[in-house]
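Structure first, commentary second.
The values are calculated or read from the model by the stated rules, or taken from the named source; none is laboratory data. Because the structure is predicted, anything quoted here is derived from the model rather than measured. Note that each Cβ is placed from the backbone with ideal geometry, even for glycine, and that neighbours are counted across all protein chains shown. When the accessible area is computed, the model is the full protein with side chains, heavy atoms only, and any ligands, DNA or RNA have been set aside. Shrake-Rupley method; radii C 1.70, N 1.55, O 1.52, S 1.80 Å.
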Amino acid sequence: PAVTSPCKILKCNSEFWAATSGSHHLGTEEAPEFCTALRAYAHCTRRTARTCRGDLAYHSAVHGIDDLMEQHNCSKDGPTSQPRLRTLPPGDSQERSDSPEICHYEKSFHKHSAAPNYTHCGLFGDPHLRTFTDTFQTCKVQGAWPLIDNNYLNVQVTNTPVLPGSTATATSKLTIIFKSFQECVDQKVYQAEMDELPAAFADGSKNGGDKHGANSLKITEKVSGQHIEIQAKYIGTTIVVRQVGRYLTFAVRMPEEVVNAVEDRDSQGLYLCLRGCPLNQQIDFQTIRSAQATEGRARRKGPTLPAPPQAFTYETATAKCKEKLPVEDLYFQSCVFDLLTTGDVNFMLAAYYAFEDVKMLHSNKDKLHLYERTRDLAPGNMAPSGTSPTLWVALLCLSQCWLGLL
């Protein structure tokens with residue numbers, strides 16, 4: 001049964017978007033009206049601040065209001081009359097209501113130009129990140145992190161330790177906010193958690209709401225409780241969310257134009273799918289994997305790390321991953337790494353499905369497999385070109401032994 005949240009930020013958002021829909025048509029003489037709507041929006045968020053303290057949509061709205069006020073030179077003092085519903089000019093309104101083109105990205109934005117360039121981002125396993133620029137990283141990123149943040153949608157993931165005291169984390173919660181867009185969709189929120197993969201938005205709907213183009217945003221359940229797909233045709237975006245074992249995987253196909261649609265890219269802050277994980281959050285899993293293979297260990301070093309419930313050796317992990325991932329690319333190596341660090345065979349399936357999603361969503365079929373290192377080593381520790389990771393670890397060990405003898 002649906003539980004009504006005391007946080008009313010979605011009501012604040014919908015009132016503001018209703019008041020300013022079509023504001024891209026406004027001239028500068030109507031800027032005061034926009035500022036009034038912004039002040040009303042700010043007042044609404046303050047009223048619900050106490051109950052929205054931990055809500056992603058609330059914090060996103062607060063920051064967004066400050067940015068918009070600065071951009072439009074709005075004073076924080078002034079009238080805050082309730083926003084009124086804005087209607088489009090009659091000709092424009094009629095054209096849009098009769099035509100689905102405005103709610104179909106390829107038709108509306110690229111009618112007289114080349115097809116858009118699509119990009120892909122994915123997050124799976126312990127967790128492994130493939131960015132929109134095809135950079136592959138393994139990260140710690142425990143807690144809540146923004147995965148995508150642009151003018152059309154926000155995605156946030158929460159990663160929790162797989163085992164008590166372990167540095168291995170996996171995605172346990174996912175929140176996606178689709179922002180209200182013209183005549184196409186109302187603002188919609190999708191939330192998934194461990195053992196709860198809904199086939200509907202948080203308000204129980206399966207499409208974009210009551211607007212003319214509502215069906216340009218819809219959720220389809222592929223496998224009950226295991227696999228859903230969200231189509232957002234109005235921004236040319238497809239999102240795939242899976243639950244594999246206890247944890248979630250995420251994959252998206254998005255036009256480059258939408259990826260880069262941000263008000264101020266320089267001050268946008270961290271956004272994992274676009275900028276990758278911070279350097280101090282990255283793990284060079286290939287070096288760890290090579291050390292484990294060399295030393296014959298089945299888990300990460302360190303006295304605080306408990307043994308996984310089912311211990312894999314490097315050989316048995318490799319054999320298991322070969323069953324689903326015959327090509328020894330970074331997805332295969334991620335699989336081996338995750339089996340060694342968690343002992344959970346579901347992480348093999350997470351890597352397998354992540355690659356299946358790449359095959360479906362990536363626009364360049366020549367770039368499906370990735371082989372390069374996930375993180376550059378610090379200056380002075382760079383492996384020579386062409387040297388295998390296992391040999392490089394052996395060389396490092398030999399150099400340390402030689403220094404010890406000196």
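Structure notes:
- Filter result for ALA144 (touching a Gly at 6+ places or on another chain (Cβ under 8 Å) and within 20 Å of ASN280 (Cα to Cα)): no
- From ILE219, ILE230, residue being over 21 Å from THR131 (Cα atoms) and at pLDDT 95 or above: ILE219
Conditions tested, residue by residue: (1) open to solvent by 40 Å² or more (accessible area, probe 1.4 Å); (2) within 15 Å of ILE176 (Cβ to Cβ).
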residue: LEU197; (1), (2): no, yes
residue: ALA200; (1), (2): no, yes
residue: ASN207; (1), (2): yes, yes
residue: HIS212; (1), (2): yes, no
residue: VAL223; (1), (2): yes, no
residue: ILE228; (1), (2): no, yes
residue: GLY236; (1), (2): no, no
residue: PHE250; (1), (2): no, yes
residue: ARG253; (1), (2): yes, yes
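- Among residues of the stretch 182-195, those that are open to solvent by less than 20 Å² (accessible area, probe 1.4 Å), assigned to a strand (DSSP E or B) and either touching a helix residue (DSSP H, G or I) at 6+ places or on another chain (Cβ under 6 Å) or within 12 Å of GLN243 (Cβ to Cβ) (or both), counted: 1
- Residue in the stretch 266-278 that is open to solvent by less than 10 Å² (accessible area, probe 1.4 Å), assigned by the TED database to the domain that holds CYS121 and part of a strand (DSSP E or B) present: no
- Residue within the stretch 131-149 that is of a type outside the set (A, V, I, L, M), out of contact with any Ser or Thr (no Cβ under 6 Å at 6 or more places or on another chain) and more than 24 Å from ALA354 (Cβ to Cβ) present: no
Table: residues versus (1) assigned by the TED database to the domain that holds VAL157; (2) under 28 Å from the mean Cα position of the chain (by Cα); (3) at pLDDT 85 or above.
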| residue | (1), (2), (3) |
| --- | --- |
| ALA19 | no, no, no |
| HIS25 | no, no, no |
| ALA40 | no, no, yes |
| THR45 | no, yes, yes |
| ALA49 | no, yes, no |
| GLY54 | no, yes, no |
| ILE65 | no, yes, yes |
| GLY78 | no, no, no |
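Yes or no, residue by residue, for (1) under 18 Å from ILE283 (Cα atoms); (2) surrounded by fewer than 22 Cβ atoms within 10 Å (Cβ to Cβ):
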| position | (1), (2) |
| --- | --- |
| TYR314 | no, yes |
| CYS321 | no, no |
| LEU330 | yes, no |
| CYS335 | yes, no |
| ASP338 | yes, no |
| THR342 | yes, no |
| VAL345 | no, yes |
| LEU349 | no, yes |
| LYS359 | no, yes |
